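Let me begin by presenting the structure, written as C-alpha coordinates, before commenting on it.
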Amino acid sequence: MAINILLADDHSIITDGLRSLIARLVPGAVTTQVSDMDAVLVHLGHTETQLVVCDINMPGANHFGIVKMIKSLQPGVKLLILSAYNPELYAHRYLEEGADAYLGKNAATSEIGDTVMRLLYGAGVDTVAETEPLTDHRAGPVSPVTTLSNRELEVAQLLIEGNGILEISNLLQIHVNTVSTYKTRIFEKMNIASIPELVAVFRNYTGWSLG
(Lines give C-alpha, C1' and ligand atoms only; values in the text may rest on other atoms or scores of the structure.)
Protein backbone atom coordinates (compact mmCIF):
# COMPACT_ATOMS: atom_id res chain seq x y z
CA MET A 1 0.00 0.00 0.00
CA ALA A 2 1.31 3.42 -0.92
CA ILE A 3 2.29 5.84 1.82
CA ASN A 4 0.13 8.98 1.69
CA ILE A 5 1.64 12.22 2.95
CA LEU A 6 -0.24 15.50 3.19
CA LEU A 7 1.73 18.77 2.98
CA ALA A 8 -0.19 21.80 4.25
CA ASP A 9 1.24 25.28 3.81
CA ASP A 10 0.01 28.36 1.97
CA HIS A 11 3.45 28.96 0.47
CA SER A 12 4.04 26.62 -2.45
CA ILE A 13 7.80 27.05 -2.20
CA ILE A 14 7.62 25.21 1.13
CA THR A 15 5.40 22.36 -0.04
CA ASP A 16 7.37 22.03 -3.30
CA GLY A 17 10.59 21.71 -1.32
CA LEU A 18 9.06 19.17 1.06
CA ARG A 19 7.70 17.19 -1.86
CA SER A 20 11.16 16.96 -3.43
CA LEU A 21 12.69 15.93 -0.11
CA ILE A 22 10.09 13.22 0.47
CA ALA A 23 10.47 11.93 -3.10
CA ARG A 24 14.13 11.25 -2.33
CA LEU A 25 13.52 9.74 1.10
CA VAL A 26 10.35 7.74 0.44
CA PRO A 27 10.23 6.66 -3.22
CA GLY A 28 6.71 5.87 -4.28
CA ALA A 29 5.06 7.97 -1.57
CA VAL A 30 1.95 9.84 -2.68
CA THR A 31 2.18 13.48 -1.63
CA THR A 32 -0.71 15.94 -1.71
CA GLN A 33 -0.28 19.69 -1.30
CA VAL A 34 -2.98 21.93 0.22
CA SER A 35 -2.95 25.52 1.40
CA ASP A 36 -5.58 25.83 4.15
CA MET A 37 -7.06 23.92 7.06
CA ASP A 38 -10.39 23.21 5.36
CA ALA A 39 -8.54 21.35 2.61
CA VAL A 40 -6.61 19.37 5.25
CA LEU A 41 -9.85 18.18 6.84
CA VAL A 42 -11.46 17.35 3.50
CA HIS A 43 -8.43 15.29 2.47
CA LEU A 44 -8.30 13.40 5.76
CA GLY A 45 -12.01 12.74 5.51
CA HIS A 46 -11.57 10.53 2.44
CA THR A 47 -7.91 9.51 2.17
CA GLU A 48 -6.05 7.30 4.63
CA THR A 49 -2.92 9.27 5.42
CA GLN A 50 0.21 8.30 7.29
CA LEU A 51 1.78 11.75 7.80
CA VAL A 52 0.62 15.35 7.83
CA VAL A 53 3.21 18.12 7.68
CA CYS A 54 1.34 21.28 8.61
CA ASP A 55 2.06 24.96 9.04
CA ILE A 56 0.15 26.89 11.71
CA ASN A 57 0.14 30.27 9.96
CA MET A 58 -2.20 29.48 7.11
CA PRO A 59 -5.96 30.04 6.72
CA GLY A 60 -7.95 28.22 9.38
CA ALA A 61 -4.92 26.84 11.25
CA ASN A 62 -4.23 29.58 13.76
CA HIS A 63 -5.44 27.74 16.86
CA PHE A 64 -4.33 24.78 18.96
CA GLY A 65 -7.54 22.90 18.22
CA ILE A 66 -6.26 21.87 14.79
CA VAL A 67 -4.33 18.99 16.39
CA LYS A 68 -7.46 17.39 17.84
CA MET A 69 -9.36 18.09 14.60
CA ILE A 70 -6.74 16.18 12.61
CA LYS A 71 -6.42 13.35 15.11
CA SER A 72 -10.20 12.96 15.41
CA LEU A 73 -10.43 12.22 11.70
CA GLN A 74 -7.47 9.84 11.64
CA PRO A 75 -6.21 8.92 15.13
CA GLY A 76 -3.23 7.01 13.76
CA VAL A 77 -1.88 9.76 11.52
CA LYS A 78 1.44 11.32 12.47
CA LEU A 79 1.44 15.11 12.67
CA LEU A 80 4.56 17.23 12.17
CA ILE A 81 4.09 20.94 12.77
CA LEU A 82 6.58 22.83 10.59
CA SER A 83 6.40 26.49 11.48
CA ALA A 84 8.30 29.76 11.37
CA TYR A 85 7.18 30.44 14.93
CA ASN A 86 9.84 30.02 17.58
CA PRO A 87 9.77 26.45 18.96
CA GLU A 88 10.81 27.75 22.37
CA LEU A 89 7.35 29.29 22.70
CA TYR A 90 5.10 27.11 20.56
CA ALA A 91 6.51 23.59 20.47
CA HIS A 92 5.55 22.35 23.92
CA ARG A 93 2.03 23.74 23.50
CA TYR A 94 1.42 21.79 20.29
CA LEU A 95 3.09 18.65 21.62
CA GLU A 96 0.86 18.77 24.68
CA GLU A 97 -2.15 19.01 22.37
CA GLY A 98 -1.07 15.78 20.67
CA ALA A 99 1.19 16.74 17.77
CA ASP A 100 3.93 14.17 17.19
CA ALA A 101 6.70 16.63 16.36
CA TYR A 102 7.36 20.34 16.00
CA LEU A 103 10.17 21.85 13.94
CA GLY A 104 10.99 25.41 12.99
CA LYS A 105 11.27 26.20 9.30
CA ASN A 106 14.88 27.15 9.93
CA ALA A 107 15.65 23.52 10.81
CA ALA A 108 18.25 21.83 8.63
CA THR A 109 16.94 19.78 5.71
CA SER A 110 18.59 16.73 7.25
CA GLU A 111 16.71 17.28 10.51
CA ILE A 112 13.39 17.60 8.72
CA GLY A 113 14.16 14.47 6.72
CA ASP A 114 15.20 12.52 9.82
CA THR A 115 12.00 13.54 11.60
CA VAL A 116 9.84 12.50 8.65
CA MET A 117 11.53 9.09 8.54
CA ARG A 118 11.22 8.56 12.28
CA LEU A 119 7.55 9.45 12.23
CA LEU A 120 6.85 7.13 9.31
CA TYR A 121 9.00 4.18 10.31
CA GLY A 122 10.14 4.61 13.90
CA ALA A 123 8.65 5.12 17.32
CA GLY A 124 6.68 8.27 18.05
CA VAL A 125 8.90 11.25 18.67
CA ASP A 126 8.62 14.57 20.41
CA THR A 127 10.91 16.68 18.27
CA VAL A 128 11.76 20.32 18.75
CA ALA A 129 14.24 22.11 16.51
CA GLU A 130 17.50 23.10 18.09
CA THR A 131 17.20 26.85 18.45
CA GLU A 132 18.54 29.57 20.64
CA PRO A 133 16.33 30.08 23.71
CA LEU A 134 13.94 33.00 23.56
CA THR A 135 15.69 34.49 26.54
CA ASP A 136 18.94 34.25 28.38
CA HIS A 137 17.90 34.07 32.01
CA ARG A 138 21.19 35.69 32.97
CA ALA A 139 20.43 38.67 30.76
CA GLY A 140 16.87 39.64 31.66
CA PRO A 141 13.20 38.69 31.99
CA VAL A 142 11.44 36.06 29.95
CA SER A 143 9.41 36.86 26.85
CA PRO A 144 6.04 38.36 27.81
CA VAL A 145 4.41 36.09 25.25
CA THR A 146 5.21 33.06 27.41
CA THR A 147 2.85 34.37 30.08
CA LEU A 148 -0.17 33.89 27.80
CA SER A 149 -2.40 30.85 28.10
CA ASN A 150 -3.11 28.83 24.96
CA ARG A 151 -6.48 30.55 24.50
CA GLU A 152 -4.97 34.00 25.09
CA LEU A 153 -2.30 33.17 22.52
CA GLU A 154 -4.96 32.18 19.99
CA VAL A 155 -6.87 35.43 20.58
CA ALA A 156 -3.66 37.46 20.31
CA GLN A 157 -2.83 35.83 16.99
CA LEU A 158 -6.29 36.57 15.62
CA LEU A 159 -6.08 40.19 16.78
CA ILE A 160 -2.76 40.53 14.98
CA GLU A 161 -4.38 39.23 11.79
CA GLY A 162 -6.87 42.09 11.94
CA ASN A 163 -9.90 40.25 13.28
CA GLY A 164 -12.40 42.15 15.42
CA ILE A 165 -14.02 40.96 18.63
CA LEU A 166 -17.10 39.60 16.83
CA GLU A 167 -15.01 37.81 14.21
CA ILE A 168 -12.88 36.17 16.88
CA SER A 169 -16.02 35.17 18.76
CA ASN A 170 -17.30 33.41 15.65
CA LEU A 171 -13.97 31.79 14.79
CA LEU A 172 -13.34 30.40 18.26
CA GLN A 173 -17.04 29.90 19.09
CA ILE A 174 -16.88 31.81 22.35
CA HIS A 175 -18.96 34.76 23.62
CA VAL A 176 -17.95 38.27 22.56
CA ASN A 177 -17.61 39.29 26.22
CA THR A 178 -15.19 36.41 26.73
CA VAL A 179 -13.10 37.63 23.80
CA SER A 180 -13.04 41.12 25.27
CA THR A 181 -11.89 39.70 28.60
CA TYR A 182 -9.09 37.78 26.89
CA LYS A 183 -8.02 40.91 25.01
CA THR A 184 -7.87 42.87 28.27
CA ARG A 185 -5.81 40.14 29.94
CA ILE A 186 -3.42 39.99 26.99
CA PHE A 187 -2.81 43.73 27.08
CA GLU A 188 -2.33 43.68 30.86
CA LYS A 189 0.10 40.73 30.80
CA MET A 190 2.14 42.25 28.01
CA ASN A 191 1.95 45.82 29.36
CA ILE A 192 0.69 47.22 26.06
CA ALA A 193 -2.23 49.39 24.99
CA SER A 194 -2.73 48.81 21.26
CA ILE A 195 -2.74 46.23 18.49
CA PRO A 196 0.39 47.75 16.82
CA GLU A 197 2.24 47.21 20.10
CA LEU A 198 0.96 43.63 20.18
CA VAL A 199 2.23 43.08 16.65
CA ALA A 200 5.64 44.49 17.57
CA VAL A 201 5.98 42.20 20.59
CA PHE A 202 5.06 39.11 18.58
CA ARG A 203 7.50 40.00 15.81
CA ASN A 204 10.27 40.40 18.35
CA TYR A 205 9.67 37.18 20.25
CA THR A 206 7.88 34.64 18.07
CA GLY A 207 8.63 35.16 14.39
CA TRP A 208 4.93 35.81 13.81
CA SER A 209 4.14 37.59 10.58
CA LEU A 210 1.19 38.19 8.32
CA GLY A 211 3.04 37.04 5.21
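The values are calculated or read from the model by the stated rules, or taken from the named source; none is laboratory data. Source: prediction; values computed, not measured. Reconstructed Cβ throughout: ideal geometry from the backbone, glycine too, with neighbour counts over all protein chains shown. Note: accessible area is taken over every heavy atom of the protein model, side chains too, but ligands, DNA and RNA are not part of it. Shrake-Rupley method; radii C 1.70, N 1.55, O 1.52, S 1.80 Å.
In the range 154-211, one over the average inverse separation of all distinct C-alpha pairs is 11.6 Å, which is the Kirkwood hydrodynamic radius. Rolling a 1.4 angstrom probe over the protein heavy atoms with all chains in place gives the chain an accessible area of 48 Å² per residue. Kirkwood-type hydrodynamic radius, the range 1-103: 13.6 Å, calculated from all non-identical alpha-carbon pairs. Ordering S143, S149 by accessible surface, largest first, gives S149, S143; the 1.4 Å probe counts only protein heavy atoms, with every chain in place.
Fully extending the segment from T147 to V42 would add 34.3 nm, taking 0.36 nm per residue of separation and subtracting the current Cα-Cα distance. Computed in the context of the full set of protein chains, the accessible area of the chain at 1.4 Å probe radius has 52% of its extent on carbon or sulfur. Rolling a 1.4 Å probe over the protein chains gives T109 an accessible area of about 90 Å². For the pair N106 and R24 in one chain, pulling the backbone fully straight at 0.36 nm per residue adds 27.5 nm over the alpha carbon distance.
Model label sites at D16 and I192, defined 7 Å from Cα along the beta-carbon direction, differ in position by 3.4 nm. Peptide packing for 195-205, 59-69 was compared via the average number of neighbouring C-beta atoms within 10 Å per residue; ordered from the highest value, the list is 59-69, 195-205. Eigenvalues of the alpha-carbon gyration tensor of the range 45-106, scaled by 5 and square-rooted, set the equivalent ellipsoid semi-axes at 19, 11, 11 angstrom, largest first. Just round it to a whole percent: the fraction of Cα-Cα distances in the chain exceeding 21 Å. Value for the chain: 54 percent of Cα pairs lie more than 21 Å apart.
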